[in-house]
Amino acid sequence: MAKQFHCKLTQNLANAIRRGVGVVLILFSVGIFMQSFKKFNQFDKRLEEAEKQEIKYQKNINDK
């Protein structure tokens, strides 16, 4: 069966399959990048909030 498929596989069809697989891989990579970027932004926001809380805490200690 593999030989039959290989005989019917033309160069154009092989290139179309490769192109399709490449597009899927690129979309998958972009999806992973967007997820990690989103997580990084959430972490960055939490870090900024923690720094603000620390500054408020230090001001309260200095005021007393």
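FYI, it's all coordinate maths here, none of it is from the lab. Just so we're clear, the structure is a prediction, and the values are computed from it rather than from any experiment. Glycine gets a Cβ as well: all are built from the backbone with ideal geometry, and neighbour counts include every protein chain shown.
Computed values, structure above
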| item | result |
| --- | --- |
| Simple label model, 7 Å out from Cα along Cβ direction - Ile32 to Ala16, nm | 2.9 nm |
| Rough spin-label spacing in nm, given labels placed 7 Å along Cα→Cβ, for Val24 and Gln53 | 4.4 nm |
| Difference of contour (0.36 nm per residue) and Cα-Cα distance, Leu9 to Arg46 | 7.9 nm |
